[in-house]
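See below for the structure under consideration.
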Amino acid sequence: MSDFVDCIVIGAGVVGLAVARRLALAGNEVIVLEAADAIGTHTSSRNSEVIHAGIYYPTESLKAKLCVEGKEQLYRYCATHGVPHKRIGKLIVAFNESQNDILEALKTQAAANGVYDLEWKNQSEIKSLEPEIFGASALLSPSTGIIDSHSLMVAYQGDAESKGAVIVFNSPVEKGTVKGRKIELSVGRASDEFRISANIVVNAAGLGAQTVSHNLQGLNPETVPPRFLARGCYFTLSGKSPFSRLIYPVPEPGGLGVHVTLDMGGSVRFGPDVEWVDEVDYSVDPKRAANFYDAIRKYYPTLANDTLQPGYSGIRPKVAAKGSATGDFLIQGPQEHSVPGLVNMYGIESPGLTSSLSLANLVAEKLSLPHLDDSVLC
């Protein structure tokens, strides 16, 4: 025999917690199973902590749609729940006039996605906004911001728990079985293993989502996409910040380039770069700093030697391989894989944090749960 609950969410990252919150707000009994001993120990705590505007993503993609929707929801949520954040804006900088076409294409792409607030800035205007930045031209995105991601996750956790949700740590999902309209999961290892069943299971395991799916008997393995990993390293800047907003170069293959982000305390970090890896490894090679200096000095030419320190790294869980078109979020519900009550979430990389509330709403739609007004959700 196994215990039974209405809903199980696998993974207590920012998206898993947002999903648990959404399910609990709809009146469901919810348990969150987290393999680690705390919330958000992987991708959710190893990113740029940026609230993205929705500029870069292909029109009609889930990333574009959910980022634009999620951004506004997230700003409202932060304001009503006391989550530290700032709408500080960002500059996307072209180093020379030959890159103006890239900026123009970005502005067109942004408008197609519903982002209409981008502003052209010439060289003198860039200097007036950010005196330390060199650029021939730039786009200013006033709706881009920063957020304390841990505080956001704590707020989601608190909301979910206030509606009766329970988070169980040190509880890896080892395997599962589809049994009619219920799904039974085996949780834990060896003598500590227990079984629990639910009508609804949401696989929000991030880097481990594909492993969870492959270990679920009754799910067609052909529906599970391959997993590709791209590590991004960050370096921190010694001393006082010379910037008042985020600074991005024009995008590069596989990512958005080595950019400037600020945390809520005003500290500066540069990154991430892009390194395709075969396994989860968060080490940061200090030798990578040489490439950082070269990339950063294209827009911040006065960067002094020996001012960058190794910071941290994150791993992007991608569904598209190196050299392929950028993969989209892949959210599979019963409509896609024919298992009642199951939603699998793959490729939840950036802008997953920005899109967390809208991703949770999409999961609810996949499960045909009742619509909830924004006054309840935000």
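Can you name every residue in the stretch 53-81 that is farther than 18 Å from Met345 by Cβ and in contact with a Cys (Cβ under 7 Å, 6 or more places away or on another chain)? Within the stretch 53-81, Gly54, Arg76, Tyr77, Thr80 qualify.
I'm trying to understand the selection: among the residues of the stretch 1-44, which are among the hydroxyl-bearing types (Ser, Thr, Tyr), at pLDDT 95 or above and surrounded by fewer than 20 Cβ atoms within 10 Å (Cβ to Cβ)? Thr41 - this is the single residue of the stretch 1-44 that is among the hydroxyl-bearing types (Ser, Thr, Tyr), at pLDDT 95 or above and surrounded by fewer than 20 Cβ atoms within 10 Å (Cβ to Cβ).
Per-residue answers, yes or no, for (1) aliphatic (A, V, I, L, M); (2) at pLDDT 95 or above:
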{"site": "Ala190", "(1), (2)": "yes, no"}
{"site": "Phe194", "(1), (2)": "no, no"}
{"site": "Leu207", "(1), (2)": "yes, yes"}
{"site": "Pro225", "(1), (2)": "no, yes"}
{"site": "Lys240", "(1), (2)": "no, no"}
{"site": "Arg245", "(1), (2)": "no, yes"}
{"site": "Gly255", "(1), (2)": "no, no"}
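The number of residues in the stretch 144-198 being under 24 Å from Ser45 (Cβ atoms), of a type in the set (Phe, Trp, Tyr) and either assigned by TED's automatic domain parsing to the domain that holds Ser244 or out of contact with any helix residue (DSSP H, G or I) (no Cβ under 9 Å at 6 or more places or on another chain) (or both) comes to 1.
Tell me, yes or no, whether the stretch 164-183 has at least one residue that is among the hydroxyl-bearing types (Ser, Thr, Tyr), more than 22 Å from Lys366 (Cα to Cα) and in contact (Cβ under 8 Å) with a residue 40 or more places away in the chain. Yes - at least one qualifying residue is present in the stretch 164-183. Give me the residue from the stretch 1-40 that is in a strand (DSSP E or B) and not hydrophobic (A, V, I, L, M, F, W, C) and, out of that set, nearest to Thr177 (Cα to Cα). Only one residue fits best here, namely Asp3.
Any idea which of Val258, Val224, Val250 is under 19 Å from Glu336 (Cα atoms) and of a type outside the set (Asp, Glu)? Testing whether each residue is under 19 Å from Glu336 (Cα atoms) and of a type outside the set (Asp, Glu) leaves just Val224. Among residues of the stretch 216-253 being of a type in the set (Phe, Trp, Tyr) and part of a strand (DSSP E or B), the one that is surrounded by the fewest Cβ atoms within 10 Å (Cβ to Cβ) is Phe228. Here is a check on your reading of the model: is Ser197 touching a residue at least 40 places away in the same chain (Cβ under 8 Å), of a type in the set (S, T, N, Q) and either in a strand (DSSP E or B) or at positive phi (or both)? Yes. When Glu125, Glu104, Glu119 are checked against the criterion of being closer than 28 Å to Lys298 by Cα, surrounded by 15 or more Cβ atoms within 10 Å (Cβ to Cβ) and not assigned by TED's automatic domain parsing to the domain that holds Thr354, a single residue qualifies: Glu125. Screening the stretch 56-97 for residues that are small (Gly, Ala, Ser) and part of a loop (DSSP other than H, G, I, E, B) and picking the one that is surrounded by the fewest Cβ atoms within 10 Å (Cβ to Cβ) gives Gly82. Checked against the criteria, Glu34 does not count as over 22 Å from Gly352 (Cα atoms), assigned by TED's automatic domain parsing to the domain that holds Thr177 and touching a strand residue (DSSP E or B) at 6+ places or on another chain (Cβ under 8 Å). Among the residues of the stretch 341-362, write down those that are of a type in the set (A, V, I, L, M, F, W, C) and crowded, with 24+ Cβ neighbours inside 10 Å. Selection gives Leu342, Val343, Met345, Ile348, Leu353, Leu357, Leu359, Ala360.
The values are calculated or read from the model by the stated rules, or taken from the named source; none is laboratory data. Everything numeric here is computed off the predicted structure, so don't read it as measured data. For neighbour counting, all protein chains shown are included, and Cβ atoms are generated from backbone atoms with ideal geometry for every residue, glycine included.
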